[in-house]
Amino acid sequence: MSTNVVDRRRVNGPARSVEPVYASTETADPFAEGREDGRALDQVRPIFMKTGPLSAQESELSSSATASAASGSAFYEQGKIRVSCAVYGPRQGRKSNARMGSFDCDFRYAPFSCSWKRRSHVKAADEKEISLMLEHAIAPAIRVEAYPKACIDAFVTVIESDGRAATIAAAINCISAALADAGIEMYDSVAGCSMGLRGSQWVADCTQAEEDVSSCSALLAFMPSADEITYILQHGKSTPEQTDQAVQTCTNLCTRVYAVICRYLQSSLE
Amino acid sequence: MSQGDVAKSGQVVFAIEAFKRIHPVEFQRRFLSQGTRHSGRGFSQFRATHVTKGTISTAQGSSTVRIGNTTVVCGIKAEVSEPDVKAPNEGYLVTNVDLSPMCSAHFRPGAPGETAQVSSEHLHRLFGGNVVDPGSLCIEPGQAVWALSADIVFLKYDGNVLDAAVIALTAALEDLQLPKAEFDSATGVVSADKTMGQRLKLRKRLFPATFSLVDGAYLVADADDAEEQLATATVLVVLDDNGRLVNIWKRGAGDINRATISRCVEDAGTRKAALAKELE
């Protein structure tokens, strides 16, 4: 159900609109015969990434940073998940006496990005929560003591989402890439990965269909070179041993994702 | 190349970049006064345009459009709602343009700014009854209609909001598949079958072309961000499939005479031919 508050700055639709009741054509278990896309249980979806301007059509002159360009940007795809991020900074911060720089993240879903319903233009509670999650996951990696009185802003928009936890992990990877593109000093890039618990088996990088039948999900943000976990989020039901197992496996998967991101960043320099 | 040459060419590029940043007007004038543009394009030359349909699987209709460095994604979500009492057989098409700091530093985070508001309104007026027949969105007269929310999200901004938005929305509407819906009068519930989708029959397709009067003197087609900053007037010409004029919108304080407008309409016709091929 989505109720539209009259938003004077936008073109408004009808006051109330809902999704029709869709005849469920597939009640089949997405895990019936292995995974739907044929992946192994510990396999992450294929990653594609591009930093800098999205199009490659630029002359040598226009590739220089103009006043209207972001310091760094990245477009990240993982399977069907598509996330875009722009980083501004370091630029003047709000507190003029701050010894350390600050990192702010603004996360939102595009209205058409979620399969379960159209999202409202007004920022919902979960978007604000995820913004904070991303800040907590990425801030430890940034050398904030190198940027006193400055702030670094990241703006993330999810164009298409496929699995709530997986999309947040993708956002973490996207921001890491954009920060690297912006040349922000960091201890290490942060790689994110998620898992879902099906029965007693952890499955890596669940799609929305797979997540809907999972009893628990885990999200991990990890700095492989520093060997430090910056963020863990687990929600649902799992025993301490299962959670421990998830953290171990996720750490390994994050290392693999990190290698992919580094390869893309290196090739963007060539 | 000797070390000396590399150093010199590096210095030359740095000097050009600094000049562009510090004195943008003079920088553009150097090119425009010689009959060319800083990107090397001719005055009537539009940037290479690429249109891809069906890029977003979570939306009922979608498209991605790239005009040079301007990249935009349009997604249409279809929901069901009660029709307006005054128009019981008509559905809704709600268009919104989203310009955020993600695409350019021009735009502030938070509520839509001026450019976004104006663009959303204009798009709504253009597409409202012209392109989509509101009657085709009716499920059950007086009870249930489709409410299409079209959101045009800019991923990268390098000038020319309206052209990109109009092309993206046209392509997304062509891509749109509405599930077959049934209204149950007993329960008031609309049920739909995703496997049976129908394309909308559009009244016409819209082909836009934007021209800007840069520095009060030079009329250029498809201005990029640097040129747009110095434009004193902008003309948007929208044609339909038969080359008929749907909309001319001139904004800004600069003077544009009738001859220039006629030329714009002519050039828009040429642009339409190129766009029609891309939209296939």
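The values are calculated or read from the model by the stated rules, or taken from the named source; none is laboratory data. Remember, it's a predicted structure, so these values are computed and weren't measured experimentally. Reconstructed Cβ throughout: ideal geometry from the backbone, glycine too, with neighbour counts over all protein chains shown.
Pick out the one residue from B:96, B:89 that is surrounded by fewer than 24 Cβ atoms within 10 Å (Cβ to Cβ) and either within 20 Å of residue B:156 (Cα to Cα) or more than 7 Å from chain A (Cβ to nearest Cβ) (or both). Write out each step before concluding.
On the way: B:96 fails: surrounded by fewer than 24 Cβ atoms within 10 Å (Cβ to Cβ).
That would be B:89, the only listed residue that is surrounded by fewer than 24 Cβ atoms within 10 Å (Cβ to Cβ) and either within 20 Å of residue B:156 (Cα to Cα) or more than 7 Å from chain A (Cβ to nearest Cβ) (or both).
Look at residue B:150 and say whether it is touching a residue at least 60 places away in the same chain (Cβ under 8 Å) and either crowded, with 24+ Cβ neighbours inside 10 Å or within 8 Å of chain A (Cβ to nearest Cβ) (or both). Before you say what the answer is, go through the steps one by one.
Numbers: touching a residue at least 60 places away in the same chain (Cβ under 8 Å): yes; either crowded, with 24+ Cβ neighbours inside 10 Å or within 8 Å of chain A (Cβ to nearest Cβ) (or both): yes.
In short, yes.
May I ask you to list the residues in the range A:130-165 that are of a type in the set (D, E, K, R) and within 13 Å of the chain's Cα centre (by Cα)? Lay out the reasoning, then the answer.
Of the range A:130-165, the ones of a type in the set (D, E, K, R) are A:135, A:143, A:145, A:149, A:153, A:160, A:162, A:164.
Result: A:135, A:160, A:162, A:164.
Taking residue B:277 as the residue in question, decide whether it is within 15 Å of the chain's Cα centre (by Cα) and either outside any helix (DSSP H, G or I) or not hydroxyl-bearing (Ser, Thr, Tyr) (or both). Spell out how you get there, then give the answer.
Details: within 15 Å of the chain's Cα centre (by Cα): no; either outside any helix (DSSP H, G or I) or not hydroxyl-bearing (Ser, Thr, Tyr) (or both): yes.
Considered against the rule, which asks whether it is within 15 Å of the chain's Cα centre (by Cα) and either outside any helix (DSSP H, G or I) or not hydroxyl-bearing (Ser, Thr, Tyr) (or both), residue B:277 comes out as no.
Hey, any hits in the range B:246-267 for a residue that's part of a strand (DSSP E or B), in contact with an Asp or Glu (Cβ under 9 Å, 6 or more places away or on another chain) and more than 14 Å from chain A (Cβ to nearest Cβ)? Steps first, answer last, please.
In the first step, residues of the range B:246-267 are kept if they are part of a strand (DSSP E or B); the result is B:246-252.
Next, only the ones that are in contact with an Asp or Glu (Cβ under 9 Å, 6 or more places away or on another chain) stay: B:246.
From what's left, more than 14 Å from chain A (Cβ to nearest Cβ): B:246.
Looking for residues that are part of a strand (DSSP E or B), in contact with an Asp or Glu (Cβ under 9 Å, 6 or more places away or on another chain) and more than 14 Å from chain A (Cβ to nearest Cβ), one finds at least one in the range B:246-267, hence yes.
What pairs come out if I take residues in the range B:10-34 that are among the aromatic types (Phe, Trp, Tyr) and pair them with residues that are surrounded by 13 or more Cβ atoms within 10 Å (Cβ to Cβ) and not in a helix (DSSP H, G or I) whose C-beta lies under 8 Å away, six or more apart or interchain?
That search, which allows pairs on different chains as well, returns B:27/B:38; B:31/B:37; B:31/B:38.
Please work out if residue B:119 is under 26 Å from residue B:198 (Cβ atoms), more than 8 Å from every other protein chain (Cβ to nearest Cβ) and either assigned to a helix (DSSP H, G or I) or hydrophobic (A, V, I, L, M, F, W, C) (or both). Give the steps one after another, and end with the answer.
Numbers: under 26 Å from residue B:198 (Cβ atoms): no; more than 8 Å from every other protein chain (Cβ to nearest Cβ): yes; either assigned to a helix (DSSP H, G or I) or hydrophobic (A, V, I, L, M, F, W, C) (or both): yes.
Criteria not met by residue B:119.
Considering only the range A:67-93, state which residues are within 8 Å of chain B (Cβ to nearest Cβ) and either more than 14 Å from the chain's Cα centre (by Cα) or not in a strand (DSSP E or B) (or both).
Answer for the range A:67-93, where residues must be within 8 Å of chain B (Cβ to nearest Cβ) and either more than 14 Å from the chain's Cα centre (by Cα) or not in a strand (DSSP E or B) (or both): A:67, A:68, A:69, A:70, A:80, A:88.
For the subset of the range A:19-40 comprising residues that are at pLDDT 85 or above and surrounded by 15 or more Cβ atoms within 10 Å (Cβ to Cβ), which member is farthest from the other protein chains (Cβ to nearest Cβ)?
A:39
Which residues, taken from the range B:217-245, are surrounded by fewer than 18 Cβ atoms within 10 Å (Cβ to Cβ) and not in a loop (DSSP other than H, G, I, E, B)?
B:232, B:245
Take the conditions of a type outside the set (Ser, Thr, Tyr) and touching a residue at least 12 places away in the same chain (Cβ under 8 Å) and apply them to residue B:166. Does it pass?
Values: of a type outside the set (Ser, Thr, Tyr): yes; touching a residue at least 12 places away in the same chain (Cβ under 8 Å): yes.
So residue B:166 fits the description; yes.
Yes or no: residue B:13 at the interface with chain A (Cβ under 9 Å from one of its Cβ atoms), of a type in the set (A, V, I, L, M, F, W, C) and either surrounded by 15 or more Cβ atoms within 10 Å (Cβ to Cβ) or touching a Gly at 6+ places or on another chain (Cβ under 8 Å) (or both)? Full working, then the answer.
On the way: at the interface with chain A (Cβ under 9 Å from one of its Cβ atoms): yes; of a type in the set (A, V, I, L, M, F, W, C): yes; either surrounded by 15 or more Cβ atoms within 10 Å (Cβ to Cβ) or touching a Gly at 6+ places or on another chain (Cβ under 8 Å) (or both): no.
For residue B:13, the condition - at the interface with chain A (Cβ under 9 Å from one of its Cβ atoms), of a type in the set (A, V, I, L, M, F, W, C) and either surrounded by 15 or more Cβ atoms within 10 Å (Cβ to Cβ) or touching a Gly at 6+ places or on another chain (Cβ under 8 Å) (or both) - is not met.
For residue B:125, all conditions in the list (1) within 11 Å of another protein chain (Cβ to nearest Cβ); (2) of a type in the set (D, E, K, R); (3) surrounded by fewer than 24 Cβ atoms within 10 Å (Cβ to Cβ); (4) not in a helix (DSSP H, G or I) hold save one; what is the number of the exception?
(4)
Report yes if some residue within the range B:196-207 is surrounded by fewer than 20 Cβ atoms within 10 Å (Cβ to Cβ), among the hydrophobic types (A, V, I, L, M, F, W, C), outside any loop (DSSP other than H, G, I, E, B) and within 14 Å of another protein chain (Cβ to nearest Cβ); otherwise report no.
Within the range B:196-207, one or more residues are surrounded by fewer than 20 Cβ atoms within 10 Å (Cβ to Cβ), among the hydrophobic types (A, V, I, L, M, F, W, C), outside any loop (DSSP other than H, G, I, E, B) and within 14 Å of another protein chain (Cβ to nearest Cβ).
Residues checked against (1) out of contact with any Ser or Thr (no Cβ under 7 Å at 6 or more places or on another chain); (2) at positive phi; (3) part of a strand (DSSP E or B):
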residue: B:132; (1), (2), (3): yes, no, no
residue: B:153; (1), (2), (3): no, no, yes
residue: B:163; (1), (2), (3): no, no, no
residue: B:166; (1), (2), (3): yes, no, no
residue: B:172; (1), (2), (3): no, no, no
residue: B:178; (1), (2), (3): yes, no, yes
residue: B:186; (1), (2), (3): yes, no, no
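How many residues does the range A:78-134 contain that are closer than 24 Å to residue A:264 by Cβ and among the hydrophobic types (A, V, I, L, M, F, W, C)?
Residues flagged as closer than 24 Å to residue A:264 by Cβ and among the hydrophobic types (A, V, I, L, M, F, W, C) within the range A:78-134 amount to 12.
Residues in the range B:58-91 that are among the hydroxyl-bearing types (Ser, Thr, Tyr), more than 19 Å from residue A:162 (Cα to Cα) and within 19 Å of the chain's Cα centre (by Cα): how many? Walk me through it before giving the result.
Going residue by residue through the range B:58-91, those that are among the hydroxyl-bearing types (Ser, Thr, Tyr) are B:58, B:62-64, B:70-71, B:81.
Next, from what is left, pick out any that are more than 19 Å from residue A:162 (Cα to Cα): B:70-71, B:81.
Imposing the further condition that a residue be within 19 Å of the chain's Cα centre (by Cα) reduces the set to B:70-71.
Qualifying residue count for the region: 2.
Scanning for something of a type in the set (A, V, I, L, M) and surrounded by fewer than 17 Cβ atoms within 10 Å (Cβ to Cβ), does the range A:191-205 turn up at least one residue? It would help to see each step written out before you state the result.
Filtering the range A:191-205 down to residues of a type in the set (A, V, I, L, M) leaves A:191, A:195, A:197, A:203-204.
Subsequent filtering for residues that are surrounded by fewer than 17 Cβ atoms within 10 Å (Cβ to Cβ) retains none.
No, the range A:191-205 has no match at all.
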